[in-house]
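Working notes for the structure below.
The values are calculated or read from the model by the stated rules, or taken from the named source; none is laboratory data. Worth saying up front: this structure is predicted, and the values here are computed from it rather than measured. Reconstructed Cβ throughout: ideal geometry from the backbone, glycine too, with neighbour counts over all protein chains shown. Just the protein is used for accessible areas: all its heavy atoms, side chains included, with ligands, DNA and RNA removed. Shrake-Rupley method; radii C 1.70, N 1.55, O 1.52, S 1.80 Å.
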Amino acid sequence: MSSTRQAEHYDRIISSYDEHYYDADSLAYRREFILEPLLSGLDLRGQRVADLACGSGQTSLFLMERFPGVKPEGFDISAEACRRYGEATGRPGLEFDLTRGPTPAEPFDAAIIVGGLHHCVANLPGALATVAQMLKPGGSFLMFEPNADYVLQFARRIWYRADSYFDADTEAALSHQALLTAAGHDFTCQSVRYFGGPAFFLIYNSLVLRLPHRLKHALAPALMTIERGYNRIPGRWAHASFTARWLRAG
């Protein structure tokens, strides 16, 4: 039932989501603060990569730009997202419930998920087990998620309940340590990085703040500069999100 709710919810908001998360300013934030650090030092050229919770394909488009010859495949619980993914990337997009599988027959070299695991809180161990089954031993699992250890997490919980762009019964911010524990022996953590300040909310998450595009674009240069300084604050409590790189055990 939670999977059906997630699919219906995303189908309802996908046009607004794409308009705000895939405009030039949000894509610049995604590139600089999420994807570039997450992929630094990796070489995915020629590799098969599962783009989980793929949405309309922007992560795969970045991978194809960054790694010539990479072979991404999209997976999303939303049929409309899979359709848009195929149109945007020219790559296969499969309607897929990460919490239930079944997994593709041929394992992938790597998997990446950008803001998708926190939609699987109804069965996180199941979702992580599915990812493990999708990967070759030694394969990389790359993730970006909201940070439940954030000092303002109490406000985020209220926001999730109050805002129609969230489904509070089926999504929640994640604690990286708890997530790693839930993965059991399937993964080892290579690195985790906490980040996310003013630009995370006002630029990247402009949809939930209903920030008009013209105002967002005007604020972006100053906020991106502030973000670079803010992200130097150590620890996890000050930051709204995290990225992590895991390796499939075995």
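Observations on the structure shown:
- Sulfur and carbon atoms: percent of accessible area, the chain [1.4 Å]: 56 percent
- Only Lys, Arg, Asp and Glu carry charge here, each on its Cβ (+1 for the first two, -1 for the last two); on that basis the range 146-250 has a dipole of about 380 debye about its Cα centre.
- Angle of helix 213-230 to the longest C-alpha principal axis of the chain, folded into 0 to 90 degrees and rounded to 10: 80°.
- If you take the Cα centroid of the range 169-202 and the Cα centroid of the range 45-99, the two points sit 21 Å apart.
- Prolate/oblate/rounded call for the range 36-146, Cα gyration tensor, a/c under 1.5 rounded: rounded
- Sequence of VAL151, VAL70 when ordered by accessible area, the most exposed leading, probe 1.4 angstrom: VAL151, VAL70
- The chain: relative contact order as a whole-number percent, Cα under 8 Å and 6+ apart: 22 percent
- Heavy atoms of the protein chains alone define the surface here; on that basis the range 127-218 has 45 Å² accessible area per residue at 1.4 Å probe size.
- The simple Förster model, with R0 at 35 Å and r as the Cβ-Cβ distance, assigns ALA178 and LEU27 a FRET efficiency of 0.70.
- When the square roots of the Cα gyration tensor eigenvalues are ordered a ≥ b ≥ c, the ratio a/c for the chain is under 1.5, which makes its shape rounded.
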